[in-house]
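In what follows, a structure is listed as structure tokens, so that the remarks can point back to it.
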Amino acid sequence: MKIENIIPDFIEKYEAEESFGLSELETYLQNHADLFELYFPDHCPRTEERLQLALQQYPSKLEDLKRFSADMPDILLRIEQAFDRTFNVELDLKFKLIVGTFGSNAFVTRTKKRTIYFAAEKLSPQKEHLEVIAAHEIGHVTHFALGTKNGLDWSSVDWTSGLTTLYTEGVATYLSMKIVPGLRESVYYSFDNEGDPWVSCLRENKTEIKRRFLQDAETGWDMPKEKEWFRLSGGSYFGLNRIGYLLGTAYVQDLVDRVGEDEALTYWVEHDVKRDILDWLGRE
């Protein structure tokens, strides 16, 4: 495991300046250009408006950034070891701990050597919350490693389909529940204590949510739909963003109940997981 943590550099520069402004922020981003080339623009737009908004929010986040920087390395080590023990995979992960500009909170690169980014300014500093998002992101890499181990033809995976995203996000959330058990259900979706409305929304509107996702999946997937269901910038359908995470977890739990955990985690190796999701979405 390798961790590159540039949060102390941000904090040092921020506290050294009487007024940390746009020029200082741009210098910080340029000093770590190799990290931020994968952050901008796919996970956050790099506009002056976005940077100015970030500058307004940093003061209230400074103590949280310090807590995150101090605690996250040990959390990542423990969670990676838990995955290694549970699934007998050697992940050899790389982690990047950054202060971003209030875009994505975390993501896994799609390069051959998987790297996981965590943007501290978007995350709760509470340890149990950090354990869950660490398990969610490491869960993605574990899921992919199990696919490779079992002979998945990666060229057959349609990464542009929302059905693929539904499956992979569902698996990652399922795995976070397995590795970090016993927390309130909503924490596994929101990574903080504010997620109860999401759980209530799915419980009360599951049939309609399934119907709407099925409609979107069958009429051609695009980036607006991806954002609506899986990005922080979504939420126009049901008033809450990232509802696709909850729907995906519901699908994966149903799949586990039908075929068992081992097969569910590698279902896309020998089965048409997209077809199976469409069938599930069409059932009451």
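Once you've got the GNM for the chain with C-alpha springs shorter than 10 Å, pick whichever of LEU130, LEU35, LEU163 has the biggest mean-square fluctuation.
LEU35
Given a 1.4 angstrom probe, I'd like the percentage of the accessible area of the chain that is carbon and sulfur, rounded to a whole number.
Result for the chain: 45 percent of the exposed heavy-atom area is carbon or sulfur.
Once you have a ≥ b ≥ c as the square roots of the Cα gyration tensor eigenvalues for region 66-147, tell me rounded if a/c is under 1.5, and otherwise prolate or oblate according to whether a/b is larger than b/c.
Values: a/c = 2.22, a/b = 1.42, b/c = 1.56.
Verdict is oblate for region 66-147.
What number results when the radius of gyration of region 101-153, computed over Cα atoms, is divided by 2.2 N^0.38 Å? Write down the numbers at each step before the final one.
Values: Rg = 12.9 Å, N = 53, 2.2 N^0.38 = 9.9 Å.
Relative to the rule-of-thumb radius for its length, region 101-153 sits at 1.30.
Under DSSP H, which helices of the chain have Cα atoms covering 18 Å or more of the helix axis and a Kyte-Doolittle average no less than 0.5?
Flagged H segments are 162-179, 243-259.
To the nearest 0.05, what FRET efficiency results for SER23 and ASP74 with a Förster distance of 30 Å applied to their C-beta separation?
So the FRET efficiency works out to roughly 0.30.
Considering the chain as a Gaussian network with a 10 Å cut-off on Cα pairs, which listed residue, ALA33, ALA119, ALA106, attains the greatest mean-square fluctuation?
ALA33
Once label points are set 7 Å from the Cα along Cα→Cβ at both ARG258 and ASP153, what is their separation, rounded to one decimal in nm?
Calculated label separation equals 2.2 nm.
Give me the number: length gained by fully extending ASP9 to THR111, i.e. 0.36 nm times residue separation minus the C-alpha to C-alpha distance, one decimal in nm.
34.1 nm
Please state, to two decimals, what the Cα-based radius of gyration of region 203-284 comes to when divided by 2.2 N^0.38 Å (N = residues). Walk me through the intermediate numbers first.
Values: Rg = 13.1 Å, N = 82, 2.2 N^0.38 = 11.7 Å.
Here the Cα radius of gyration is 1.11 times the empirical estimate.
Could you do me a favour and compute the accessible area per residue for the chain, 1.4 Å probe, result in Å²?
Per-residue value: 47 Å².
Which of the trypsin sites (Lys or Arg not before Pro) across region 180-223 are loop residues per DSSP, with 14 or fewer other Cβ within 10 Å?
ARG184
For region 106-202, build the charge dipole from Cβ charges (+1 Lys, Arg; -1 Asp, Glu) around the Cα centre, then report which of GLY151, LEU202, SER161 sits farthest towards its positive end.
GLY151
Assuming 0.36 nm per residue, please report the length gained on full extension of the stretch ASP84 to MET1 beyond their Cα-Cα distance.
28.7 nm
Could you give the alpha-carbon Rg of region 50-106 over 2.2 N^0.38 Å, rounded to two decimals?
Details: Rg = 15.1 Å, N = 57, 2.2 N^0.38 = 10.2 Å.
The value comes to 1.48.
At each listed q (0.20, 0.22 Å⁻¹), what is the log10 of I(q)/I(0) that the Debye formula gives for region 1-71 modelled as equal alpha-carbon point scatterers?
Those come out to -0.98, -1.18, one per q.
Using alpha carbons only, what's the Rg to Rh ratio of region 83-208 with Rh from Kirkwood?
0.97
With every protein chain in place, what's the accessible area of THR160 (1.4 Å probe, Å², nearest 10)?
110
For the chain, what proportion of DSSP beta bridges, expressed in % and rounded to the nearest 5, is antiparallel?
25
How many percent of the alpha carbon pairs in region 137-227 exceed a separation of 21 Å?
Here the tail beyond 21 Å accounts for 45 percent of pairs.
Between their Cα atoms, which of LYS13/LYS96; LYS66/LYS122; LYS210/LYS274; LYS127/LYS149; LYS127/LYS274; LYS2/LYS225 are more than 24 Å away from each other? Spell out each step's value before the answer.
Working: LYS13/LYS96 19 Å; LYS66/LYS122 13 Å; LYS210/LYS274 14 Å; LYS127/LYS149 32 Å; LYS127/LYS274 35 Å; LYS2/LYS225 34 Å.
In this structure, LYS127/LYS149; LYS127/LYS274; LYS2/LYS225 exceed 24 Å between Cα atoms.
What is the diffusion coefficient of the chain in µm²/s, taking the Kirkwood radius over Cα pairs and the Stokes-Einstein relation at 10 °C with a viscosity of 1.306 mPa s?
81
Any idea how far the Cα center of region 157-188 sits from the one of region 233-269, in Å?
Taking the Cα centre of each part, region 157-188 and region 233-269 sit 6 Å apart.
Please work out the Cα center distance from region 118-155 to region 51-67, rounded to the nearest Å.
Between the Cα centres of region 118-155 and region 51-67 lies a distance of 25 Å.
Give me the one-decimal nm value for the distance between modelled label points at LEU55 and ASP34, 7 Å along each residue's Cα-to-Cβ direction.
About 2.8 nm, to one decimal.
The values are calculated or read from the model by the stated rules, or taken from the named source; none is laboratory data. Values in this document were obtained by computation on a predicted structure and should not be read as measured data. Every residue, glycine as well, gets a Cβ built from its backbone with ideal geometry; the counts of neighbours run over all protein chains shown. Please note that ligands, DNA and RNA were not included when accessible areas were found on the heavy atoms of the full protein model with its side chains. Shrake-Rupley method; radii C 1.70, N 1.55, O 1.52, S 1.80 Å.
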